[in-house]
Amino acid sequence: MERRPRIAISGSAGVGKTTLAARLADQFEVPLVEELMRPLIESGVDLHDLSADQRKALVLDLYDQATAAMRGAIETHGGFVCDRSPADFAAFWLHYGFGGDAETDAFMSRTATDCALVELTVLLPWGSIPLVDDGVRLSDRWRQLHFQTVVEGMSRRFFTGARLAEVPNGVTEIDERIAWVCELANGAPAT
């Protein structure tokens, strides 16, 4: 592949985003744009201890950092693999009920613009791998499913046609997922 891919990995917590994103970044020799929420939670930040305004400010800050990192990776390396897409942040926005109509319209418009940074969003399925209670991610699988449905809706809204690849439920092993994405990124149909 001559041109470096610009790929985002999307889905709820526990579907394998981080593992796949890191391995794909190595595979394509592009920067990994890491999800920044996990290190905060690992350092002791409890989102439930934050007010709604603090939670919104945090999500917006993480969104700004992620999109800035994507732009920087394009400038310096020509591509990236991102552990979350801009559409995931739109899902967080809706999931947490941030903002009124005008503020939500503005954020969704901004998300649509920033989604243009991503050429391929890989949407991982919920429930195809076991949810591991690691003390960081929410272990309530039904709340994860709820968030997953919002992520799926936002991904389908912002990424159409060949820009959205939904990994089949049966593709669960990391090497299978890497091969599946590589076929897509190289222009071959995935099986």
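Rule-based calculations on the coordinates, nothing more; no lab input. Computed from a predicted structure; not experimentally measured. Methodologically, a virtual Cβ is constructed for each residue, glycine included, from the backbone with ideal geometry; neighbour enumeration extends over all protein chains shown.
Summary of values
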read-out: Count of residues meeting criterion [under 14 Å from the mean Cα position of the chain (by Cα) and in a loop (DSSP other than H, G, I, E, B)] in segment 93-104; value: 0
read-out: Segment 1-43 - residue that is in a loop (DSSP other than H, G, I, E, B) and among the small types (G, A, S) and, of those, farthest from V151 (Cα to Cα); value: S43
read-out: Single condition F107 does not satisfy, out of (1) of a type outside the set (S, T, Y); (2) over 17 Å from the mean Cα position of the chain (by Cα); (3) farther than 20 Å from R6 by Cα; value: (2)
read-out: Sole exception among (1) in contact (Cβ under 8 Å) with a residue 12 or more places away in the chain; (2) out of contact with any Leu (no Cβ under 7 Å at 6 or more places or on another chain); (3) not hydroxyl-bearing (S, T, Y) for I9, by number; value: (2)
read-out: Members of segment 100-122 found to be small (G, A, S), without any contact (Cβ under 8 Å) to a residue 12 or more places away in the chain and farther than 21 Å from L24 by Cα, listed by number; value: G100, A102, A106, S109
read-out: Some residue of segment 145-167 being assigned to a loop (DSSP other than H, G, I, E, B) and touching a residue at least 60 places away in the same chain (Cβ under 8 Å); value: yes
